[in-house]
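Before any comments, here is the structure.
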Amino acid sequence: MSSRHSPNLDLYLLSQEVEDSPAVNAAEMRGGGLVVDTANQAFYIFESGGPHKQITEIPESADRVLITVQNGFLEFRDEDILLYELGDVHEYGELLRRVLIGETVYRELKIEETSRILSEAGYVHGYTPESIAELLTGWAISSENDSVLDIATGSGSLLKQAVTRLDTEKGSNRLTGVEIYPFIAKLAKIRVRDIDNAEIINKDFFDWRTPEQSELVKERPDEHSRRKYDVVVGNPPIASFLPPKQRQTISKWVQGTRPSLAAAFVAKAVSHLKDGGRGAFVLPKMALKDGLLNQLTESCSIHRIVELPLGLFADSHSVELVILTLVKEERDPQAKKTGIARFNQMELPDNARGLFQQPLDAILENRYNHYDAELVKTSHADLEGRNILRMLSNPSIYDILTSEGFTKLGELSGVEIGSGVSTGNNDIFYFDSSEKEESGIDERFFRPVIKNPPDDIRSISEDVINLYLLDLTRYIETLEAKGMDLTEQRVLEELENDGYTELVEYVESSPLHHQGNGFSFIPNYLGKFQNPNLIIPKFFDEPVCYTVEVDDAVFDSTVIGVQVDGEQRRDALARLLNTPLYREFFQTYAKSMDLNWYRIHITQLREIPIIEQALNEDTFDRLEPFFPPEDDNDLVKLNHILIESYETEREKQALRRYLASRDNFAWSWFLTLPEFDEFQELLESDRKQAQEFVIDRFDQELLDQARQTFRNVEFFEERRELLDDLLMEFEEGHYRGFLAGIVLQFEGVLADLVEEAGGDIVEEDGKTEFKMPGKHRSQKRKNLDNLISQFFDGVFSEYLHETVRQRRNRIAHGDVIEDSRTLSIHFFVSFYALCNACLNEYVRIAQQQDSGAAAT
Ligand SMILES: C[S@@+](CC[C@H](N)C(=O)[O-])C[C@H]1O[C@@H](n2cnc3c(N)ncnc32)[C@H](O)[C@@H]1O
């Protein structure tokens with residue numbers, strides 16, 4: 001397997017090696033590289049220490065530039081790319097000596113190979129896969145005459161795709177790419193060399209056509225607007241760790257406490273769009289968090305935000321990415337037009353572009369659209385970054401709803417679902433207790449109504465009822481039974497005769513509207529029954545299912561009523577529907593009205609999949625101790641009881657997947673969904689094989705991925721260098737050192753998380769205890785072990801326990817350390833999974849804190 005790193009050449013040593021060579025006049029370190037002067041040429045040689053250490057300027061004196069790569073030196077010459085290969089020359093020093101005197105053979109490289117070599121050497125970071133390039137340009141370019149700007153061109157893969165959609169023959173459309181690093185810009189230049197009007201600008205995007213510069217153009221506004229583009233696309237860099245100078249630059253473009261670089265790229269990008277122009281970008285999801293969207297909506301209409309499957313990009317497995325598409329135009333902030341979606345599978349479906357191209361409403365009509373994506377519509381007023389992040393982390397319920405093994409609520413025998421009574425906005429039908437009392441109207445005409453039940457109860461009893469419905473239906477029925485031919489007037493006369501004077505007066509003095517059922521003074525019963533024993537509100541922020549203990553109650557049309565045969569079954573169903581799992585089902589399945597409110601319809605409720613096996617006394621009793629759930633441990637237990645209650649493996653699997661995706665799939669950086677299933681099965685059947693399965697799936701790429709995560713993600717800022725060193729130990733085969741170091745980092749990363757979350761860390765008797773913030777009584781101090789299990793569902797906890805935890809303690813106490821690769825892999829995988837989970841938790845807590853702050 002090839003290593004994906006730069007050769008880590010020590011240029012200083014290299015300079016010493018060539019210094020004495022007769023062709024060399026001088027060799028010295030300058031401008032971050034090595035400058036070698038020969039009699040007639042100056043060479044500049046440099047190597048990458050990773051994407052963050054790249055040079056942005058090549059010394060002017062350099063005639064030739066050599067880039068150190070894995071297997072030699074690479075040189076861009078005019079329009080050719082040459083590779084001087086190590087081959088039978090084994091040493092870089094010797095190879096350089098030969099290049100200096102022109103005695104080496106070289107090989108000409110094509111763009112793709114160059115890209116690969118540069119990326120393997122750690123120079124190029126974040127190559128955009130073709131499918132994504134196709135998607136962005138395919139949506140954004142609407143005419144073959146469009147002008148196109150790529151804001152972070154890299155090797156030019158987006159421009160290359162753009163060309164396929166443009167009529168470049170005519171030479172009328174401008175194509176511009178901006179790339180900060182000189183030789184990457186060269187790569188892009190070569191890529192577009194045959195296209196008229198294509199220009200690659202080797203500049204920092206933030207120094208290019210800045211507002212200050214465009215001030216000059218203001219005097220010539222035609223020129224100014226002519227310079228804008230029909231289309232702006234980009235896959236800006238992901239780095240969230242920024243040097244202070246860069247932070248300052250980007251703060252001109254985006255507000256917020258810690259704005260991301262990618263967000264600033266997009267903010268500036270839209271300033272280069274013409275009115276009506278289209279922008280399409282791939283961004284880390286976190287770039288949306290800091291007010292970017294609000295800012296964009298001032299000048300743009302956001303078209304879609306679509307979360308991409310994890311692992312789609314070779315270089316960014318662990319970074320969650322979204323595509324953002326927008327149109328530059330003024331827009332009413334209330335317009336409900338943005339589609340927010342996530343793909344449900346690990347790979348991009350073939351027809352992914354349809355999700356962007358079809359009108360939103362058309363896709364939403366068929367909720368289980370064939371793009372295999374969850375999609376909701378939202379208003380621009382709702383486009384607050386944290387909310388979007390929350391919506392995007394809503395899990396997929398698709399598998400469960402479409403799995404045949406689940407019975408739908410509407411199909412469950414002995415269950416009826418109905419809608420409540422409607423009064424056509426005639427408030428005169430409703431009386432509170434004192435109004436009822438004061439009215440003098442006879443009790444027989446009132447029925448208790450269930451409307452807006454309070455949040456803090458789960459059972460509706462007499463004392464909760466504070467609303468009554470004035471209802472003459474039964475009275476009229478008795479008259480009808482006597483064979484009377486009834487008119488409104490006739491009914492009133494009968495009432496009068498029977499002595500219900502107050503009622504007659506009330507009805508006669510009330511402005512009643514006809515509701516089309518003949519009598520204006522009776523409400524409209526919509527559903528089949530009037531006395532439900534379960535109810536679910538149609539609108540909710542936190543969905544709740546209530547049992548009804550009141551006789552003869554009617555329910556208002558804001559509530560859906562359910563009738564269940566048998567009290568025991570009713571209570572079991574109520575319990576099931578109140579589990580956290582079902583609350584999530586409701587919320588993902590119901591229609592979101594804004595970002596905090598959902599509305600469920602009767603048809604949707606009928607479709608809710610029911611774990612039928614859980615509707616028995618035994619499961620009811622087993623769920624009982626964890627109600628109401630107080631912390632993640634309770635949630636995990638409840639979910640496990642539900643999963644276990646299922647008899648068939650297929651449905652168990654569907655639920656597990658659902659729950660795994662809810663935790664953002666702690667393993668998704670490492671295993672695909674089918675692999676995860678296989679792993680789970682092995683874990684249950686043969687632990688040893690499960691461990692081997694993990695070992696088999698480990699490769700160098702994973703280490704690189706972890707390195708990128710540690711380098712780029714702010715959360716790891718404090719321990720970045722340490723982790724980097726440990727990964728190096730691993731790579732160099734110093735497993736003993738790696739193991740001794742990594743065991744301490746488990747606690748370290750959790751400590752960072754607890755600290756970030758505002759919790760406490762207490763050292764006592766050589767033991768560390770953590771307390772996550774929270775009011776619940778069970779949020780007491782925890783040691784590492786139970787903190788870990790708080791984050792993961794059973795599968796992961798088990799794996800950690802089996803493979804790592806026991807040995808971790810021994811290693812931490814200085815007991816024998818096995819110098820073993822296998823053990824190191826286990827520790828690495830577990831540690832990195834913990835890091836990913838902590839990151840998720842970190843985001844979740846930040847969101848909570850944010851919404852908490854917003855609420856106060
Ligand atoms: C994720 S890559 C884009 C990949 C590109 N679409 C491709 O497929 O090659 C981001 C690119 O932006 C470049 N970049 C980083 N900072 C920049 C800046 N301030 N101005 C312009 N380009 C920059 C990086 O060198 C990198 O090539």
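The values are calculated or read from the model by the stated rules, or taken from the named source; none is laboratory data. Since the model is a prediction, treat every value here as computed from it, not as a measurement. Methodologically, a virtual Cβ is constructed for each residue, glycine included, from the backbone with ideal geometry; neighbour enumeration extends over all protein chains shown. For accessibility, only protein heavy atoms count, side chains too; no ligands or nucleic acids. Shrake-Rupley method; radii C 1.70, N 1.55, O 1.52, S 1.80 Å.
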- [ ] Say whether the condition of being open to solvent by less than 10 Å² (accessible area, probe 1.4 Å) and touching a residue at least 60 places away in the same chain (Cβ under 8 Å) is met by at least one residue in the stretch 236-253.
- [x] yes
- [ ] Can you work out which of the residues in the stretch 809-844 that are surrounded by 20 or more Cβ atoms within 10 Å (Cβ to Cβ), more than 16 Å from F710 (Cβ to Cβ) and within 22 Å of the chain's Cα centre (by Cα) is modelled with the lowest pLDDT?
- [x] V843
Task: Residue, farthest from the chain's Cα centre (by Cα), within the stretch 747-758, restricted to residues that are modelled with pLDDT under 85 and part of a helix (DSSP H, G or I) - done: E747
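Residue-wise test of (1) more than 21 Å from the chain's Cα centre (by Cα); (2) farther than 22 Å from L312 by Cα; (3) modelled with pLDDT of 85 or more; (4) assigned by TED's automatic domain parsing to the domain that holds V544.
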residue	(1), (2), (3), (4)
D621	yes, yes, yes, yes
D632	no, yes, no, no
R720	yes, yes, yes, no
L727	yes, yes, yes, no
Task: Which listed residue, of I195, I201, I151, I184, is assigned by TED's automatic domain parsing to the domain that holds D275 and in contact with a Pro (Cβ under 8 Å, 6 or more places away or on another chain) - done: I151
Task: The listed residue being over 35 Å from the mean Cα position of the chain (by Cα) and surrounded by fewer than 23 Cβ atoms within 10 Å (Cβ to Cβ), out of N533, N524 - done: N524
TODO: Write out, first by first residue and then by second, each pair whose Cβ atoms fall under 9 Å of each other, whose residues are 6+ apart or on separate chains, and whose first residue, in the stretch 177-197, is open to solvent by less than 30 Å² (accessible area, probe 1.4 Å) while the second is of a type in the set (F, W, Y) and near the ligand (Cβ under 10 Å from one of its atoms).
DONE: V178/F205; V178/W208; E179/F205; F183/Y123; I184/Y123
Task: Unmet requirement for Q708, which otherwise passes all of (1) at pLDDT 75 or above; (2) within 13 Å of Y799 (Cα to Cα); (3) of a type outside the set (D, E, K, R) - done: (2)
Open item on the list: Please determine whether any residue of the stretch 89-98 is acidic (D, E), open to solvent by less than 90 Å² (accessible area, probe 1.4 Å) and more than 40 Å from the chain's Cα centre (by Cα).
Closed with: yes
Task: Tally of residues being among the polar types (S, T, N, Q), modelled with pLDDT of 80 or more and touching a Pro at 6+ places or on another chain (Cβ under 9 Å) across the stretch 637-672 - done: 1
- [ ] Report, by residue number, each residue of the stretch 223-239 that is within 13 Å of the ligand (Cβ to nearest atom) and either at pLDDT below 90 or acidic (D, E) (or both).
- [x] P237, I238, A239
Task: Residues located in the stretch 450-467, provided they are of a type in the set (D, E, K, R) and free of Cβ contacts under 8 Å to residues at least 40 places away in the same chain - done: D456, D463
Open item on the list: Out of the helices (runs of 4 or more DSSP H) lying entirely within the stretch 90-176, which hold 3 or more residues that are touching a residue at least 12 places away in the same chain (Cβ under 8 Å), closer than 30 Å to I305 by Cα and within 12 Å of the ligand (Cβ to nearest atom)?
Closed with: 130-140, 157-165
Task: Residue match in the stretch 77-88 (condition: of a type outside the set (D, E, K, R), at pLDDT 90 or above and within 16 Å of the ligand (Cβ to nearest atom)) - done: yes
Task: Total residues in the stretch 253-265, condition at negative phi and either small (G, A, S) or within 13 Å of the ligand (Cβ to nearest atom) (or both) - done: 7
Open item on the list: Quick check on the stretch 428-456: of everything there that is closer than 11 Å to L469 by Cβ and of a type in the set (D, E, K, R), which residue is most open to solvent (accessible area, probe 1.4 Å)?
Closed with: K451
